[in-house]
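A short worksheet on the structure shown next.
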Amino acid sequence: MLFNDIHFTLFFLPVLLMFYICNRNKRVWLKNVFLLAASYVFYALLEPRFVFLLLYITLINYGCIRLLDRGKNRKAIITIGIVLSLLPLAFFKYTNFLLNDVLDIEGHILGEIALPIGISFFTFQALSYTIDIYRRKETLMPSALDFTLYVCFFPTILSGPIERARTLMPQIKTLQRWNAVGVLNGFQLLVWGLFQKIVVADRIATYVGTVYAHPEMYGTTTILFAMGLYSIQIYCDFAGYSNMAIGVGRMLGFDIRKNFDFPYFSTSIRNFWKRWHISLTSWLTEYVYFSLGGNRVKEWRWMMNVLIVFLVSGLWHGAAWTFIIWGFIHGVYQIAEYYTLKRREFKNTTTNAMLGLLLFVVTSVAWVFFRADNLAHATAILQALTNGGVPFFTYFSTQFVLMLFALACFVIAEITMYKRVLKITERTDNSFSWINLSFMVLTLLMVSLLGESGAKFVYFQF
């Protein structure tokens with residue numbers, strides 16, 4: 001039951017109605033009890049085997065928070081809490097990688113270990129509250145009910161955005177501001193996310209998958225085109241999920257933080273990472289980069305801090321050498337950019353356009369490792385750039401034309417939103433113009449006619 005599944009509609013409509021009734025009852029505990037039950041049902045319908053894991057992470061972190069509040073042995077408590085929280089993540093996510101890829105032990109007794117959906121997201125979300133309590137950045141002590149809901153809030157539990165207590169907990173502890181305009185704005189964002197996912201990302205995935213399956217069969221232009229398309233696919237897939245999650249939350253009256261802010265309109269790697277997967281980037285910055293000393297250290301140490309953060313980011317995304325290399329490449333990009341551009345900002349439109357194009361090219365190269373099945377596959381894709389040969393437009397089909405059409409519509413819509421002609425990502429409870437209504441209807445029509453359903457979200461594997 002995913003956001004792009006018709007079954008989610010059958011789940012969400014009754015939840016929305018009942019939540020509205022509970023919220024109108026003006027008892028905060030009642031609406032939280034109902035939302036908690038709905039969240040556990042939502043997760044159990046997807047991963048019934050791993051509900052115990054969600055409970056475990058919740059209990060460990062809530063126990064740590066209560067112990068930290070007593071003020072004794074705080075360092076030992078936070079250390080034990082972090083270790084116990086990360087143990088399931090380490091086991092489920094990295095055991096296969098350690099045994100198969102690092103130690104080269106084939107056919108081990110554990111077999112193939114399934115990765116619970118959302119484990120990276122709800123673990124990091126729970127830990128952020130615990131660490132904030134330890135650092136005394138958060139003083140609000142939650143009840144067991146409120147903290148449990150904070151960890152398992154169903155719009156964000158599967159793939160984020162990773163919320164902080166300082167933004168989500170105050171909304172949990174109060175009644176929601178619910179009105180028809182807010183619901184319309186949320187539905188508009190949900191529809192736009194569906195368009196990004198099932199019209200753009202899933203159509204591109206078919207083309208990229210075909211080319212990447214046998215890169216040696218295709219010419220240089222085709223490989224370049226597929227590399228560029230995957231950059232858009234991964235963006236539309238994950239930003240689409242994030243927009244759907246934010247939209248669902250908005251229909252319930254919750255303000256969930258923005259996770260993407262037009263990253264491909266950036267002109268630097270530094271700016272790109274301020275706009276891409278914002279909730280994870282800020283989490284790693286706050287809890288890893290700053291903990292290592294940030295930039296308040298010697299230059300060589302700062303470079304190590306940057307590389308460590310991006311290596312952690314790579315490992316967080318997946319247990320494979322390809323993800324580690326992807327993270328390392330972005331760390332090198334960040335350091336190289338610092339020494340070449342020195343954080344300079346250019347006002348010349350042509351210069352910014354060239355820098356934007358360069359950014360898209362270098363990120364597309366890095367995405368090859370993110371998409372590849374293994375290092376040999378990534379190498380084969382990059383080697384295929386020397387193939388020469390037939391350009392991509394000879395591979396003509398109806399599906400190819402529909403993909404290009406969907407891509408063109410997406411680019412036009414993105415530019416319109418980036419220029420703020422159309423506002424759908426900002427919270428606008430007091431207005432819903434005819435532009436918004438026309439956009440929502442047109443997008444919903446395209447989703448109905450051009451959507452390809454059934455594909456999982458890429459970030460569910462993380």
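The values are calculated or read from the model by the stated rules, or taken from the named source; none is laboratory data. Just so we're clear, the structure is a prediction, and the values are computed from it rather than from any experiment. We place every Cβ from the backbone using ideal geometry, glycine too, and count neighbours over all the protein chains shown. Note: areas computed on protein heavy atoms with side chains; ligands, DNA, RNA excluded. Shrake-Rupley method; radii C 1.70, N 1.55, O 1.52, S 1.80 Å.
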Checklist entry - So what are the ³J(HN,Hα) numbers for segment 20-32, from phi and the Karplus equation (6.51, -1.76, 1.60; θ = phi - 60°), rounded to whole Hz, Gly and Pro as x? => result 4, 5, 5, 5, 5, 5, 6, 10, 4, 4, 5, 5, 6
Item to check | Signed unit charges on C-beta, dipole axis of the chain, positive-most listed residue Thr443, Asn100, Ala205 | outcome: Thr443
Checklist outcome for this item: By accessible area (1.4 Å), largest first, Ile172, Ile77, Ile82 order as Ile82, Ile77, Ile172
Checklist entry - What translational D, rounded to a whole number of µm²/s, comes out for segment 95-170 from Stokes-Einstein when the hydrodynamic radius is the Kirkwood one over Cα pairs, at 10 °C and 1.306 mPa s? => result 110 µm²/s
Checklist entry - Once phi is turned into ³J(HN,Hα) by the Karplus curve 6.51 cos²θ - 1.76 cosθ + 1.60 with θ = phi - 60°, what whole-Hz value does each residue of segment 290-303 show in order, with x for glycine and proline? => result 5, 5, 7, x, x, 9, 8, 9, 4, 4, 5, 5, 4, 4
Checklist entry - What are the residues whose amide H is under 5 Å from the amide H of Gly253, where those residues sit 5 or more places off or on another chain and H is modelled from the backbone? => result none
Item to check | Reduced Cα scattering model of segment 1-139, Debye log10 I(q)/I(0), q = 0.13, 0.16, 0.18, 0.21 Å⁻¹ | outcome: -0.78, -1.01, -1.10, -1.19
Next on the checklist: On alpha carbon coordinates alone, what is the Rg over Rh value for segment 146-299, Rh being the Kirkwood radius?
Outcome noted: 1.06
Item to check | Reachable lysines from Lys419, criterion Cα separation under 30 angstrom, eight or more residues apart if same chain | outcome: Lys197, Lys258, Lys274, Lys342, Lys347
Item to check | Spin-label model distance (nm) - Val365 vs Leu445, 7 Å beyond Cα toward Cβ | outcome: 4.3 nm
Checklist entry - Ala44 versus Thr398, label points 7 Å from Cα toward the beta carbon: distance in nm? => result 4.4 nm
Checklist entry - Does a label point 7 Å from the Cα of Leu86, set along Cα-to-beta-carbon, have any residues of segment 358-379 with amide nitrogen under 13 Å, and which are they? => result none
Next on the checklist: Taking the Cα centre as origin and putting +1 on Lys and Arg beta-carbons and -1 on Asp and Glu beta-carbons, what dipole magnitude results for the chain, to the nearest 20 debye?
Outcome noted: 2080 debye
Checklist entry - Using the Cα atoms of the chain to build a convex hull, what is its mean projected area in square nanometres? => result 24.0 nm²
Item to check | the chain: calculated mean residue ellipticity at 222 nm from DSSP helix runs of at least 4, using -39500 (n - 2.57) | outcome: -21500 deg cm²/dmol
Checklist entry - Which of the lysines could be linked to Lys31 by a straight reach, that is with a Cα gap under 21 Å, when you skip same-chain ones fewer than 8 residues away? => result Lys173
Checklist entry - Extension gain Thr386-Thr139, at 0.36 nm per residue separation less the Cα-Cα distance, in nm? => result 83.1 nm
Item to check | Net length gained if the chain between Val33 and Leu175 were fully extended (0.36 nm per residue, minus Cα distance) | outcome: 49.8 nm
Checklist entry - Taking 0.36 nm per residue of separation and subtracting the Cα-Cα distance, what length does fully extending Lys347 through Ser438 add? => result 29.3 nm
Checklist entry - Once phi is turned into ³J(HN,Hα) by the Karplus curve 6.51 cos²θ - 1.76 cosθ + 1.60 with θ = phi - 60°, what whole-Hz value does each residue of segment 115-126 show in order, with x for glycine and proline? => result 9, x, 4, x, 4, 5, 6, 6, 5, 5, 5, 5
Next on the checklist: Can you compute the modelled spin-label distance between Val102 and Leu59, with each label point 7 Å from Cα toward Cβ, in nm?
Outcome noted: 2.8 nm
